[in-house]
Amino acid sequence: MERNKRLAAERARLASGGGTKKQQAQKQAGKQTARERIGMLLDRESFTEHLAFASGSGGEAGDGVIVGYGTISGRLVCVYAQDFTVSGGSLGAMHAKKICAIMDLAYDMQAPLIALIDSGGARIQEGAKALAGYGDIFKRNVRYSGAIPQLSVMLGPCAGGAVYSPALTDAIFMVDQMSQMVITGPKVLKAATGAEVKMEDLGGARMHSEKSGVAHFCAKTEAELFVLVRQFLSYLPNNGAKKPCHKRVSEKVSAHLPRDSKTVYDMVPIICGLADENSFFEWSKRYARNLITAFIRLDGQPVGVVANNPKHLAGCIDMDASDKCARFVRFCDCFHIPLLVLEDVSGFIPGVEQESRGLIRHGAKIIYAFAEATVPKITVIVRKAYGGAYVALNSKALGADFVYAWPGAEIAVMGPAGAAAVLHQKDIQASNDPAKALLQFEENYREKVADPFSAAKEALIDDVIEPDETRQRLIESFSILACKDERANWQKKHGNMPL
Ligand code: HXC
């Protein structure tokens, strides 16, 4: 066959992946093919394939993975897409070699790496060679962590190594009812234990974004998920050596402010009121809802927000919120995204359940993450800031660059009721009207001990500011901090964060 005819024939063979039948089955399952997915994710016709003709021992199309580079909103990204129509997207030696090659290229070009994962894990027929392939990928996931953003987009039933590698990356995206993540698949589970469980129940998108906390973003369709991926990327720099790019957006003045210290409210409208219009983009939205982690823009500059949400569990901190907070803070710090904490917290959740499961260990991660982060860090105390939670959530003592409080803020070792129980229980019980005596104590405590001006006098906060001035003050403060020297000059290999 003529060489150029052969080229066309070879390309057509590659385009058909695991064959027409398998591609039809993929479509019937409501899924796009690997090549279609790359086309949906990247800017139009921007994809260049790499190692297209490399195939494994079975000689199958591309050995089940397509790798290459292209652009998203004009920015260079590297991508690999596993093809479920070829041996269930399972990973053999050549498949792994191609992924490693594109990971190395992403690192060399200092560009984000996006993995479109649809795979049954290590290719069983290839044995230890396949396992070694995962080892090669994991090593790169860790080496390039913090250097380039690594995103994992889960697009099918993924098992074994196909979920370990994503777990080492910065963010995991899933489609409801289409993506699953499990260490061991149902067929293997049944063979090993006899238990019959559906893939969706074992590791569906809803479970991983609400309960396990494994997935950070979830959408109803592949197309919606790719929009989220593109949006997420717009908050990040291409690599850890660069700062995120600014985008100017119209301003909006803050609103929805809490006045009364006992009213339940939602923190989201407050964040949106402070942020540039339509710039609120939530991370791990359905997991640990008592703590919000989100990206916003402030006068165009991307900022990572950590905020208590009094709407859920009164905004108190538990183990899940601790993990979510620490992971987000460390992520922002890797990629030079400044941090803003909006604080309304009456403490860590008390009780046997949380204590016995290690709240101390998990809570310590928040302290570690904030104390370690070198990006610009600002805290605004919206309402309550009590005890250990006050110290842990980016307090001045822990290294915040600026801490501001709104006039109604209460900063104290504990809430008035707890303080009364420890300090004045006997007096209150001995009084003629214990309820009135308690109320009086609480008022006194709020006015004299917990008020923000006492903290300002002691230089524990930088200023007391009006809610409506906050947006402008934050823009100015972050702008001053833009030249902050982020290099931590500690001479050590690395710290030993509590895990
Ligand atoms: C080889 C595989 C495969 C695998 C699927 N296939 N997984 N081939 N190795 N790991 C093949 C099937 O044989 C089938 O081929 C095709 O892919 C589609 O699979 P089906 O089972 O027909 O599809 P479905 O019913 O949708 O189920 C998908 C699945 C299931 C849930 C992923 O196949 C499954 O449970 N696979 C095993 C998952 C697992 O336990 N992996 C862990 C591997 S160990 P044909 O030719 O019939 O179309 C691992 C450890 C790594 O990864 C550790 C690193 C340190």
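The values are calculated or read from the model by the stated rules, or taken from the named source; none is laboratory data. What you see is a predicted model, and the numbers here were worked out from it, not measured in a lab. For neighbour counting, all protein chains shown are included, and Cβ atoms are generated from backbone atoms with ideal geometry for every residue, glycine included. SASA here: full protein model, heavy atoms, side chains in, ligands and nucleic acids out. Shrake-Rupley method; radii C 1.70, N 1.55, O 1.52, S 1.80 Å.
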Which percent of Cα-Cα pairs in the chain sits in each 10 Å bin, short to long? 4, 18, 26, 22, 15, 9, 4, 2, 0, 0, 0
Accessible surface, per residue, of region 24-66 when the full set of protein chains is kept, probe 1.4 Å, Å²: 51
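Roughly what % of DSSP beta bridges within the chain run antiparallel, to the nearest 5?
Beta bridges within the chain, antiparallel portion: roughly 35 percent.
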Would you mind telling me the share, in percent, of accessible area of the chain contributed by carbon and sulfur at probe 1.4 angstrom? 55
Simple Cβ-charge dipole of region 165-225, Lys/Arg +1 and Asp/Glu -1, about Cα centre, in debye nearest 20: 240
So what is the 222 nm mean residue ellipticity for the chain from helices alone, if each DSSP H run of at least 4 adds -39500 (n - 2.57) and you divide by all residues, rounding to the nearest 500 deg cm²/dmol? -11000 deg cm²/dmol
For the charge dipole of the chain, defined by +1 on Lys and Arg C-beta atoms and -1 on Asp and Glu C-beta atoms about the Cα centroid, which residue among T169, A430, S119 has the Cα displaced farthest towards the positive pole? S119
Can you give the charge dipole size of the chain about its Cα centre, rounded to the nearest 20 debye, using +1 on the beta carbon of Lys and Arg and -1 on the beta carbon of Asp and Glu? 1800
Kirkwood Rh in Å, taken over all unlike Cα pairs in region 367-463: 14.5
Between F453 and D427, how high is the FRET efficiency from 1/(1 + (r/R0)^6) when r is the Cβ-Cβ distance and R₀ = 25 Å? Nearest 0.05. 0.40
Quick one, what does Rg over Rh come out to for region 17-67 if you take C-alpha atoms and the Kirkwood Rh? 1.00
From the cross-link list K98/K324; K220/K285; K31/K198; K98/K365; K98/K493; K384/K492, which pairs have alpha carbons spaced over 25 Å apart? K98/K324; K98/K365; K98/K493; K384/K492
Taking N as its residue count, the alpha carbon Rg of region 98-210 over 2.2 N^0.38 Å: 1.11
Taking just the alpha-carbon atoms of region 325-374, what radius of gyration and Dmax come out, in angstrom? 12.7, 38
How charged is the neighbourhood of S209? Take every other residue with its Cβ under 9 Å from the Cβ of S209, and add Lys/Arg as +1 and Asp/Glu as -1. +2
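Could you sort Y69, Y235 by accessible area so the largest value comes first, with the probe set to 1.4 Å?
Order by accessible area, largest first: Y69, Y235.
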Calculate the dipole size of region 372-473 relative to its Cα centre from +1 charges on Lys and Arg beta carbons and -1 charges on Asp and Glu beta carbons; express the result in debye to the nearest 20. 200
Solvent-accessible area per residue for region 132-288 at a 1.4 Å probe radius, Å²? 46
Per residue, accessible area of region 378-446 with a 1.4 Å probe, heavy atoms of protein chains only, in Å², comes to 46
At 1.4 Å probe size, with no ligands or nucleic acids counted, give the accessible surface of D266 in Å², nearest ten. 50
Can you list the aspartates and glutamates whose alpha carbon sits under 20 Å from that of K436, skipping same-chain ones fewer than 8 residues off? D260, D427, E447
Packing-based ranking, highest mean first, of 204-214, 274-284, 413-423 given that Cβ atoms within 10 Å are counted: 274-284, 204-214, 413-423
Please compute the volume of the convex hull spanned by the alpha-carbon atoms of region 285-428 and report it per residue in Å³. 120
Sorted largest first, the C-alpha extents of region 157-225 along its principal axes in whole angstrom are 36, 23, 20
Give the distance, in whole Å, between the Cα centre of region 38-90 and the Cα centre of region 316-391. 39
